[in-house]
Ligand SMILES: C[S@@+](CC[C@H](N)C(=O)[O-])C[C@H]1O[C@@H](n2cnc3c(N)ncnc32)[C@H](O)[C@@H]1O
């Protein structure tokens, strides 16, 4: 081992009993001016910068069905989850070209992975023709616009066909998700199946975003939610609705998330009102002030 001079100084200081004193670092050789050391930004700040960049470039370029305000709401929700200590990766059932999925991926907790479930090439199973996806476009979107695409796992499967063993394998690999979008098949059977699936892989305090709840062209989604609440004892409850999506969370976090969103959307320019759905208060958001809307 080559013992360098600073290490020697540290050793002799320890011998003299001065180990706790900081040893001045050796002046670097003056070959070129020292460049400033870049301190990485805190994860939350880096995350919102990445989300803004995605919104300004990729989001506009990728074909799909997601309103830009959804990104603003999700960014607020991810912050609220951070405050509540809720962690986990992201998952979407029905990714199409990845327009929303990439935003979900950006909002996952550091060090986690995201799961993208879609029929992909098996479009003969897309019985209600809710978006006709091919893996190629999704992968192209990831390559062009997604930071850390290697942390995304595409799963080419019919969500109706996922077994208990599949759910177990998902739980073993990802533990539980903190953000999960349900936007696959839009029949009532698909909606209720995918919400039941979502409940099984969702973290406590995780959030499910369900697309098209009030879309008159896709009444199956509404019927699926009704079936879940009338036939089952669900463990997720709605707390927010806006820009085409209904958001659910687990009961222990419902009031906290609702209150946090009410507070965050108090600024003038936001339009929101409290309503009741399935016995729970829900914040209905109709408009976001320009600042909130740009995230
Ligand atoms: C409306 S698109 C999703 C839009 C997408 N979330 C976005 O942000 O643009 C519906 C997607 O669900 C997929 N899909 C339909 N039925 C499915 C099923 N049974 N299992 C998994 N994916 C399904 C389709 O292949 C399609 O890509």
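The table below lists the values:
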quantity: Estimated FRET transfer efficiency (residue 231, residue 155; beta-carbon r; R0 30 Å; 0.05); calculated: 0.65
quantity: Gyration tensor (alpha-carbon) shape descriptor, the stretch 216-295, a/c threshold 1.5; calculated: oblate
quantity: Highest to lowest packing among 219-231, 82-94, scored as the average C-beta count within 10 Å; calculated: 82-94, 219-231
quantity: Pairwise label distance in nanometres, residue 53 with residue 143, each label 7 Å out on the Cα-Cβ vector; calculated: 2.0 nm
quantity: The stretch 43-96: Cα Rg divided by the 2.2 N^0.38 Å rule of thumb; calculated: 1.22
quantity: Inter-site label distance for residue 273 and residue 63 at 7 Å from Cα along Cβ, in nm; calculated: 3.8 nm
quantity: Calculated over the stretch 130-200: convex hull of Cα atoms, volume per residue (Å³); calculated: 107 Å³
quantity: The stretch 43-293: translational diffusion in µm²/s, Stokes-Einstein, Kirkwood Rh over Cα pairs, 20 °C, 1.002 mPa s; calculated: 119 µm²/s
quantity: Extended-chain gain in nm, criterion 0.36 nm per residue less alpha-carbon gap, residue 79 and residue 165; calculated: 27.7 nm
quantity: Between the stretch 259-292 and the stretch 131-183, the Cα center-to-center distance that results, in Å; calculated: 30 Å
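None of the figures in this text is laboratory data; all of them are computed from the coordinates on show. Predicted, not measured: the structure shown is a model, and the values here were computed from it. In this analysis, Cβ positions are derived from the backbone assuming ideal geometry, glycine residues included, and neighbour counts consider all displayed protein chains.
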